[in-house]
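A quick write-up on the structure given underneath.
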Amino acid sequence: MTRIAKVLTTLGLAMTVYLQCATAAAQPPQQVLPEGIRGGSEVVPEAKVEIRKYVFKETGEELPYSVFVSSKVKKDQKAPLIIALRGFTGTTLTFVRGTAVDLAEEGGYILVGAIGYNNRAGFGVQAGPRPAPAPGAAPAGVAAPAAAAPPRPQPPMVGGTKETDPARVTEYSEKDVMNVLALVRQQFNIDDRRIYLMGHSQGGGGARHLAEKYPDTWAAVALLAPALFNVQVTAESAITKVPLLLAVGDRDSLITSSRSFSEQLKALKVDHEFVEKPGLDHGTIIMGAMPDVFQFFQKHVKGARR
């Protein structure tokens with residue numbers, strides 16, 4: 001090999017390594033999940049997961065929702081249903097993937113992910129993205145987070161875009177969830193005593209709102225690292241009638257508001273479960289808490305309590 005050829009080869013290898021490193025740096029950090037927990041994709045649906053669409057009559061747009069049906073579901077038997085609400089910028093697959101699908105298959109559930117008009121809207125709660133943690137030391141009992149990563153471009157908009165008024169978008173976000181619930185109840189033989197709701201972050205705040213507004217619909221509700229800023233519960237709050245699971249990772253800055261919400265419920269003697277998952281953060285809590293969520297849902301059948 002000539003000297004010039006050697007130089008060109010060396011430069012080519014260096015450029016390849018540089019491009020690989022630059023590409024890796026541009027990717028989201030790999031989430032470390034607990035042993036036995038499967039992540040799955042929020043972009044590409046797994047086998048037996050279907051992304052369906054319906055026309056949202058208020059705007060004429062087609063809105064997506066994801067559906068997984070356990071092989072144990074039979075047409076002549078009523079099946080339990082879980083409605084799942086993604087976090088800010090998530091997709092209809094935020095919950096309809098990985099360990100959630102595995103547990104839904106095992107338990108004979110129909111698992112449905114609603115978009116909430118679009119993936120910025122708050123399911124009836126007008127709110128923006130999760131606020132950044134306050135500067136300074138982490139709250140007591142919370143492990144210090146890793147060094148902040150450089151900001152990445154936000155994921156693309158998913159869902160409806162015709163309506164842009166924030167108040168109307170918030171209204172449509174709630175309506176989309178209830179539309180999807182009605183559609184699924186028409187399409188499948190659903191057990192009305194076992195309709196469950198779960199949400200993460202923005203979707204957790206939305207799940208709290210929908211539990212408060214439609215308490216007789218849900219057999220139980222799970223809030224995962226929910227956005228519960230300035231939420232106050234009273235003895236008259238309808239959500240006190242609904243079995244609640246509150247789960248948050250101990251590496252999540254939202255642990256403080258989750259603890260506060262749990263304390264409010266305790267003060268009112270509301271029967272609920274509060275779980276702090278060691279080593280989990282705002283993203284890994286989604287799949288990491290799925291065993292707790294499914295165990296909680298399994299214990300609650302609406303006819304047994306109201």
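Since every read-out is calculated from the coordinates, none of them should be taken as a lab result. Here the structure is a predicted model, which is why all the values come from computation and not from measurement. Counting neighbours? That spans all protein chains shown, and the Cβs are built from the backbone with ideal geometry, glycine included.
Any of K78/K241; K48/K74; K57/K162; K78/K175; K75/K175 with alpha carbons more than 19 Å apart? Name them for me.
The answer is K78/K241; K78/K175; K75/K175.
Tabulate in residue order the Karplus-calculated ³J(HN,Hα) for region 193-203, using 6.51 cos²θ - 1.76 cosθ + 1.60 with θ = phi - 60°, rounded to whole Hz; enter x for Gly and Pro.
The phi angles translate into 7, 9, 10, 10, 9, 9, x, 10, 6, 4, x Hz.
Mind ordering 222-229, 259-266 by average Cβ neighbours within 10 Å, highest first?
So the order, starting with the most tightly packed, is 222-229, 259-266.
Quick one: if you stick a label point 7 Å off each Cα along the C-beta vector at N189 and K162, how many nm between them?
3.7 nm
Kindly provide the Kirkwood hydrodynamic radius of region 206-306 in Å, to one decimal, from all pairs of distinct alpha carbon atoms.
It works out to 13.7 Å.
Out of residues 5 or more away from A220 or on other chains, whose amide H comes under 5 Å of its own, with H placed 1.01 Å from N in the peptide plane?
Those lying under 5 Å, H to H, from A220 are L197.
Between E273 and E50, what is the label-point separation in nm under the 7 Å Cα-to-beta-carbon projection?
Label at E50, label at E273, 3.1 nm between them.
Report ³J(HN,Hα) in whole Hz for each residue of region 286-300, in order, from the Karplus equation J = 6.51 cos²θ - 1.76 cosθ + 1.60 where θ = phi - 60°; Gly and Pro get x.
So the J values, rounded to whole Hz, are 4, 7, x, 9, 4, x, 5, 5, 5, 5, 5, 4, 4, 7, 10.
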